[in-house]
Amino acid sequence: MPATMDGYIRVSRVSGRTGESYISPKVQREKITGWTKLHDITLGQIVVEEDVSGAKPIDERELGKLLKRVESGASEGIVAFKLSRFGRGALETLQAVERIRNVGGRLVTVEDGVDSAKPGGRLLLTVLAGLAEEELEQRRSGWAAARRQALERGVHVGPTPVGYRRRGDGRLEEDPLAAPFIAAAFRRRAEGESWGAIARFLEQNNALPLARKGRKSVAWSRSGVKSVICNRVYRGELRDGDELVCENAHQPLLSEGEWKLAQLGGIGPLYVKDGSIAAQGLLTSLVFCAACGHRLSLTGSTAKNGERVANYFCRIHHAGSGDCPEPAVASTRTLDPHVQGLLLEALADPASKLVKAHEVGARIAETAEPMKQAEAELDTFLATELASVLGPDRYRAEVERRQDAVRTALREFDDAMRANLILGQEKSRTPKQLVTDWPTLTMDEKRAVVRAYVDRVIVAKADPKRRRWQPISERVEVCWTGQPG
Ligand SMILES: [Zn+2]
């Protein structure tokens with residue numbers, strides 16, 4: 001009775017099919033059946049694996065089943081076209097061969113003349129398996145080098161990130177339809193919006209994730225949104241793993257401050273989780289308590305008519321400096337229009353001493369330095385690993401304090417950057433135009449303008465005897481940027 005052997009056919013990745021090493025399954029099959037006929041062997045099963053890398057462990061492939069058939073005695077060996085079809089890892093290939101030999105089986109690869117049953121077959125196997133592995137290594141390093149060169153030329157490698165489109169030369173450019181929404185997604189994250197809410201926002205605005213395997217995606221996953229928010233490609237960078245290869249490879253969609261704030265995800269005292277409340281504050285992070293000097297927080301409360309309103313308030317208890325003797329509170333509904341009115345008045349005044357738009361650039365430099373310092377201090381503290389010395393509570397408090405400092409510095413840097421975008425652009429508005437355009441500005445744009453001109457707003461506690469009737473102007477002082485006092 002003739003021996004039975006199984007046939008194994010592997011076709012490597014589809015994208016490699018035009019290459020010289022591509023041998024069609026039909027050719028492989030013909031060679032295998034031809035050899036079995038010639039040697040009077042019955043062909044058992046033929047397994048064809050497509051689009052499977054030879055580097056994948058044999059037991060995870062269809063080939064593993066054929067090995068088990070040899071081990072169980074269902075077949076007496078395996079016939080393949082070439083050893084490189086059998087496996088690319090030299091060690092693994094040889095281990096598989098050992099498995100076959102251990103049970104008295106036989107491995108034949110027709111094209112390169114390997115027959116483990118023949119004298120010298122084992123040596124040839126070892127040599128060929130080594131060559132197969134080397135060839136794979138070369139192909140890999142060739143790919144890595146090509147990828148690297150592309151990155152150095154500023155060409156993005158991989159699927160085009162949402163928010164960009166591909167230019168003729170392979171570099172990225174802004175996709176005018178999706179880019180504004182991707183940038184907005186970062187700002188929403190910076191304000192503490194959840195991944196799910198950002199996903200819905202992107203979907204509603206038709207900024208959809210990449211199509212996969214020919215299917216157009218219509219929905220964002222949380223992890224998909226996360227991978228966008230942590231991707232440095234949106235800062236114009238190209239990276240090889242963690243390593244920065246090309247800066248300014250293409251137009252960034254957002255500022256460094258915006259990117260960093262998004263990484264912090266809006267956790268912290270400067271932000272209110274409820275986006276609708278935070279969005280109401282024109283002066284967020286600019287308002288300070290007259291009594292204790294601390295920055296006022298923003299929180300929501302429900303008015304008598306059921307509407308949600310936002311208030312600036314002193315937190316009273318301040319770590320390290322005791323309790324505030326006269327904690328200030330002010331509603332966004334009275335304080336914001338008051339400061340806005342003062343600002344518009346000053347802008348409309350030709351003799352105004354307000355800081356000019358071009359001076360905003362200086363503010364960016366001024367705010368960048370404290371940001372770097374705060375970041376360096378946090379990094380240094382984390383690197384010293386003092387947790388065991390300080391104890392967990394104290395350590396956490398110290399880390400949080402430094403994180404807050406980073407957030408505050410980032411916020412100020414980001415304000416300067418935004419002010420620069422709005423005031424420093426080519427067609428930047430004159431103060432007079434700003435007054436005219438004011439009603440058409442978005443809340444973000446108004447904030448940026450306010451931050452360009454207002455350094456801080458100091459609020460005192462309302463007189464308890466006349467709370468409702470006391471004009472806000474009596475207890476508010478506006479400090480303009482670049483002016484003493
Ligand atoms: Zn206070």
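Against the condition within 21 Å of Ser473 (Cβ to Cβ) and surrounded by 15 or more Cβ atoms within 10 Å (Cβ to Cβ), how does His294 come out, does it pass?
Working: within 21 Å of Ser473 (Cβ to Cβ): no; surrounded by 15 or more Cβ atoms within 10 Å (Cβ to Cβ): yes.
The answer is no for His294.
Return the only residue of Leu172, Leu177 being farther than 14 Å from Leu210 by Cα, out of contact with any helix residue (DSSP H, G or I) (no Cβ under 8 Å at 6 or more places or on another chain) and of a type in the set (A, V, I, L, M). So that I can check it myself, show each step before the final result.
Values: Leu172 fails: out of contact with any helix residue (DSSP H, G or I) (no Cβ under 8 Å at 6 or more places or on another chain).
None of the others qualify; the one that does is Leu177.
List the residue pairs whose Cβ atoms are under 7 Å apart, where the first residue sits in the stretch 280-301 and is closer than 22 Å to Gly192 by Cα, the second is in a loop (DSSP other than H, G, I, E, B) and within 10 Å of the ligand (Cβ to nearest atom), and the two are 6 or more positions apart or on different chains.
Val287/Leu296; Leu296/Cys314; Leu296/Ala328; Ser297/Arg315
From the list Leu335, Leu342, Leu378, Leu410, exactly one residue is farther than 24 Å from Cys479 by Cβ and at pLDDT 75 or above. Which is it?
Values: Leu335 fails: farther than 24 Å from Cys479 by Cβ; Leu342 fails: farther than 24 Å from Cys479 by Cβ; Leu410 fails: farther than 24 Å from Cys479 by Cβ.
Among Leu335, Leu342, Leu378, Leu410, only Leu378 is farther than 24 Å from Cys479 by Cβ and at pLDDT 75 or above.
Cβ-Cβ under 8 Å, sequence separation 6+ or interchain: first residue in the stretch 88-114 and modelled with pLDDT of 80 or more, partner of a type in the set (Val, Ile, Thr) and in a helix (DSSP H, G or I). Which pairs?
Sorted first by the residue in the stretch 88-114, then by its partner, the pairs are Arg99/Val70; Ile100/Val70; Val103/Val70; Gly105/Val70; Arg106/Ile100; Leu107/Val97; Leu107/Ile100; Val110/Ile32.
Please determine, by comparing only the residues of the stretch 440-452 that are at pLDDT below 75 and of a type in the set (D, E, K, R), which one is surrounded by the most Cβ atoms within 10 Å (Cβ to Cβ).
Checking each candidate, the answer is Glu445.
Yes/no per residue for (1) within 16 Å of the ligand (Cβ to nearest atom); (2) modelled with pLDDT under 80:
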residue	(1), (2)
Leu386	no, yes
Arg401	no, no
Thr430	no, yes
Trp438	no, no
Asp455	no, no
Arg466	no, yes
Val476	yes, no
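Filter the stretch 266-300 down to the residues that are of a type in the set (S, T, N, Q), more than 14 Å from the ligand (Cβ to nearest atom) and modelled with pLDDT of 75 or more and list them by number. Working first, answer last.
Here is the first cut: in the stretch 266-300, the ones of a type in the set (S, T, N, Q) are 276, 280, 284-285, 297, 299.
Retained after the next criterion (residues that are more than 14 Å from the ligand (Cβ to nearest atom)): 276, 280, 284-285, 299.
Once the filter is applied, which keeps residues that are of a type in the set (S, T, N, Q), more than 14 Å from the ligand (Cβ to nearest atom) and modelled with pLDDT of 75 or more, the stretch 266-300 yields Thr284, Ser285, Thr299.
Quick one: is Glu366 at pLDDT 75 or above and in a helix (DSSP H, G or I)?
On the way: at pLDDT 75 or above: yes; in a helix (DSSP H, G or I): yes.
Here the answer is yes, as Glu366 does meet what is asked.
Looking only at the stretch 380-405, which residues are part of a helix (DSSP H, G or I), free of Cβ contacts under 8 Å to residues at least 40 places away in the same chain and surrounded by 12 or more Cβ atoms within 10 Å (Cβ to Cβ)?
Of the residues in the stretch 380-405, the ones part of a helix (DSSP H, G or I) are 380-384, 387-390, 392-405.
After this cut, where a residue has to be free of Cβ contacts under 8 Å to residues at least 40 places away in the same chain as well, the list is 380-384, 387-390, 392-396, 398-400, 402, 405.
Those that are part of a helix (DSSP H, G or I), free of Cβ contacts under 8 Å to residues at least 40 places away in the same chain and surrounded by 12 or more Cβ atoms within 10 Å (Cβ to Cβ): Phe381, Leu382, Ala387, Leu390, Arg394, Tyr395, Arg396, Glu398, Val399, Glu400, Arg402, Ala405.
For the stretch 301-333, which residues satisfy the criterion of being in a loop (DSSP other than H, G, I, E, B) and near the ligand (Cβ under 10 Å from one of its atoms)? It would help to see each step written out before you state the result.
Our first condition is that a residue be in a loop (DSSP other than H, G, I, E, B); within the stretch 301-333, this holds for 303-307, 314-316, 319-321, 324-328.
Residues satisfying the conditions are Cys314, Arg315, Ile316, Ser321, Cys324, Pro325, Glu326, Pro327, Ala328.
Scan Gly214, Gly196 and give me the residue that is modelled with pLDDT of 75 or more, surrounded by fewer than 18 Cβ atoms within 10 Å (Cβ to Cβ), out of contact with any Leu (no Cβ under 9 Å at 6 or more places or on another chain) and over 30 Å from Gln95 (Cα atoms).
Gly196
Which residues, counting only those in the stretch 217-254, are in a helix (DSSP H, G or I) and aromatic (Phe, Trp, Tyr)? Step through it out loud before you land on a result.
Kept after step one, since they are in a helix (DSSP H, G or I), are these residues of the stretch 217-254: 222-229, 232-235.
Residue satisfying the conditions is Tyr234 alone.
The values are calculated or read from the model by the stated rules, or taken from the named source; none is laboratory data. None of these values were measured; they are calculated from a predicted model. We place every Cβ from the backbone using ideal geometry, glycine too, and count neighbours over all the protein chains shown.
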